[in-house]
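Peer 1: Below is a structure I'd like to ask you about.
The values are calculated or read from the model by the stated rules, or taken from the named source; none is laboratory data. Quick caveat: nothing in here was measured; it's all calculated off a predicted structure. Heads up, the Cβs are rebuilt from the backbone with ideal geometry, glycines too, and the neighbour counts pull from every protein chain shown.
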Amino acid sequence: MISIVSGPYFSRLDKNNIVLLVVDRGLGKLSVLVHAALGKLFNLPTILTSSAKSGPDGTLYKEILEMQPTAPLIYRQGEVDSWNNADFLTAVKATGKTQAILAGIVTEVWANIDISGTFNDKLAGIHLISMFGTVMVLIKDWHSTPGIVPVLRFMDTCFTPYSLVARSRKASTFNGTIVPGKEDL
């Protein structure tokens, strides 16, 4: 017996409708760099911001600035919350995108459920997802842009466990063994 019930609406990321926001410098330099690299890999409009060059957060990592040389860089005038900065808000709105991939030191989102159009009280339209999950949702299939080769190179640099899985698969396909000693199974 099968029971079909309607559940909460799940919206997928649409790489044609996303802006990537790099806000300050979160913990874990590699994670911050990988987050910023998503913009290059998937050709996403990217906005960079930091609260102040001389503030406690400091400037963004130079690797991010080199990786995203044409991205708007907004140094806020000390506002801790980037949404309180008119320049940042204007830049985000100017993209015309309705989805954002956001990472920052503190990420708290407060959504008014009554008017937001997403009636899931638990998440209020917010999707928590890992960086690996984000990449997989954005690529959707290996034939879509940017394609399998750039994504696997990205994974090789940023997600070693997945890279090892791909290398293992390649090796087993090449030499015809899925599991060494499979003949004894």
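Peer 1: Give me the residue from region 144-163 that is assigned to a loop (DSSP other than H, G, I, E, B) and surrounded by fewer than 16 Cβ atoms within 10 Å (Cβ to Cβ) and, out of that set, modelled with the highest pLDDT.
Peer 2: Thr145
Peer 1: While we're here: Val106: at pLDDT below 80 and loosely packed, with under 13 Cβ neighbours inside 10 Å, yes or no?
Peer 2: yes
Peer 1: Follow-up. Quick one: which of Asp114, Asp141, Asp81 is modelled with pLDDT under 70 and among the acidic types (Asp, Glu)?
Peer 2: None of the others qualify; the one that does is Asp114.
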